[in-house]
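Some notes on the structure that comes next.
The values are calculated or read from the model by the stated rules, or taken from the named source; none is laboratory data. Here the structure is a predicted model, which is why all the values come from computation and not from measurement. Cβ placement follows ideal geometry from the backbone for every residue including glycine, while neighbour counts extend to all protein chains displayed. These area figures cover heavy atoms from the full protein model, side chains too; ligands, DNA and RNA do not enter into them. Shrake-Rupley method; radii C 1.70, N 1.55, O 1.52, S 1.80 Å.
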Amino acid sequence: AGALEKACNLTGETVLITAGGTREPIDPVRFIGNRSSGKMGYALAAQARCRGARVLLISAPTSLPVPEGCELISVTTSEEMRSAVLARLAEASIVIMAAAVSDFRMAVTASQKLKREGPRTLQLEPTADILQEIVKRRNPDTLVLGFAAETENLLANGRAKLLRKGVDALVLNDVSGSETGFDSDRNAGWFLTPEGTTELPLSTKSDMAGRILEEAARLRSSRDQ
Ligand code: CTP
Ligand code: CA
C-alpha cells in the first residue's frame with residue numbers, strides 16, 4: 001500500500017460533486033444567497049481528480065478557479081442544480097452533495113425591480129430536496145454522500161439527518177464558529193455512517209477532502225465484499 005496506491009484509489013470511478021451556494025432570484029437585480037464559498041466542494045473535486053477519478057463538478061457561482069481536469073457544469077438556482085444533477089446522475093459511481101442549496105425561493109419572482117417602499121414581506125416557498133431525489137433515483141451501487149451544516153446539537157442533529165436523508169454517509173460541519181466552515185480555508189467535523197462516527201480533525205479543506213474521499217473509498221470496498 002504505497003503512495004501510488006493511495007493516490008490512485010479512485011481510478012475508474014466517476015465522482016459527481018456539487019459545490020457553492022445556489023442563488024434564488026427575488027427580482028431582476030437581487031437574489032437570496034448564502035455564505036458558502038465553494039471551497040470544500042472544489043477541494044473535493046481537486047482531490048478526487050488527483051486520486052484518478054473522472055470528476056463532474058456541478059457548481060453554483062463561486063470565485064474559485066476550476067480544478068484541473070474536472071468537467072465544470074455551471075448553474076445558478078437550486079432548480080438548475082437539480083436538473084443538472086439528475087441529467088448526469090446515471091454516470092456517477094459516487095455523488096457528493098457539498099453545495100449549500102437554498103431551502104427557499106420566491107413563490108413568484110418579481111419581473112421588475114422592487115421599489116424601496118415598504119415594509120415589505122417576501123413570500124417564499126421551499127425548494128426541492130435534491131439529495132433526497134438522488135437517493136430515490138440512484139443506481140443501487142452508487143454511493144451517496146451529503147453534508148450537514150449545523151449550529152447546535154451537532155451530533156444528534158447530524159445523526160437524525162443521516163437517517164432522514166437515507167444517504168450512505170453525511171459529513172457533519174459546525175458552521176457556527178469562525179475558525180471553520182463558510183469561507184474559511186480550514187474545516188473540521190465528523191464523517192457519519194449508519195455504522196458509526198469518525199472524527200475529521202481540524203485541517204485544511206484540501207486535507208479534509210482527502211480524508212472524506214478515503215472514507216468513501218473504504219465504504220465502497222466494504223460494500224463490494
Ligand atoms: N440539500 C439538497 N437540496 C436542498 C437542500 C439541501 O440537496 N434543497 C442537501 C445539501 O447539499 C446537503 C444536505 O442536503 O448535502 C443537507 O443540507 P442541510 O442544509 O444541512 O439540511 P436540510 O435538509 O436542508 O435541513 P435544514 O437546513 O433545515 O437543517
Ligand atoms: Ca438547508
> Considering only region 81-119, how many residues are away from ligand 2 (no atom under 16 Å from the Cβ) and free of Cβ contacts under 8 Å to residues at least 40 places away in the same chain?
Replying inline: 10
>> Quick check on region 158-177. Is at least one of its residues in a strand (DSSP E or B), open to solvent by less than 10 Å² (accessible area, probe 1.4 Å) and among the small types (Gly, Ala, Ser)?
In response: yes
> Looking only at strands (runs of 3 or more DSSP E) that fall completely inside region 62-145, which ones have 3 or more residues that are within 12 Å of ligand 1 (Cβ to nearest atom) and either over 20 Å from ALA209 (Cβ atoms) or not hydrophobic (A, V, I, L, M, F, W, C) (or both)?
Replying inline: none
> Out of region 181-217, which residues are under 18 Å from LEU155 (Cα atoms), in a strand (DSSP E or B) and open to solvent by 10 Å² or more (accessible area, probe 1.4 Å)?
Replying inline: ALA188, TRP190, THR193, GLY196, THR197, THR198, GLU199, PRO201, LEU202
>> Taking the conditions exactly as written (open to solvent by less than 20 Å² (accessible area, probe 1.4 Å) and either more than 16 Å from ligand 2 (Cβ to nearest atom) or within 25 Å of ARG51 (Cα to Cα) (or both)), does VAL75 satisfy them or not?
In response: yes
>> Of the conditions (1) touching a Ser or Thr at 6+ places or on another chain (Cβ under 8 Å); (2) within 23 Å of LEU219 (Cβ to Cβ); (3) surrounded by fewer than 17 Cβ atoms within 10 Å (Cβ to Cβ), LYS136 satisfies every one except a single condition; which number is it?
In response: (1)
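Run down GLY52, GLY38 and say which single residue is of a type in the set (Gly, Ala, Ser) and more than 24 Å from SER184 (Cα to Cα). Lay out the reasoning, then the answer.
Values: GLY38 fails: more than 24 Å from SER184 (Cα to Cα).
GLY52 is the lone residue from the list that is of a type in the set (Gly, Ala, Ser) and more than 24 Å from SER184 (Cα to Cα).
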>> I'm trying to understand the selection: among the residues of region 4-29, which are assigned to a strand (DSSP E or B), open to solvent by less than 30 Å² (accessible area, probe 1.4 Å) and not aliphatic (A, V, I, L, M)?
In response: THR14, THR18, GLY21, GLU24, ASP27
>> Restricting to region 35-59, count the residues that are out of contact with any helix residue (DSSP H, G or I) (no Cβ under 8 Å at 6 or more places or on another chain), open to solvent by less than 20 Å² (accessible area, probe 1.4 Å) and closer than 28 Å to SER111 by Cβ.
In response: 0
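On the basis of being crowded, with 17+ Cβ neighbours inside 10 Å and more than 23 Å from GLY210 (Cα to Cα), does ILE32 make the cut? Outline the logic, then answer.
On the way: crowded, with 17+ Cβ neighbours inside 10 Å: yes; more than 23 Å from GLY210 (Cα to Cα): yes.
Answer is yes for this residue.
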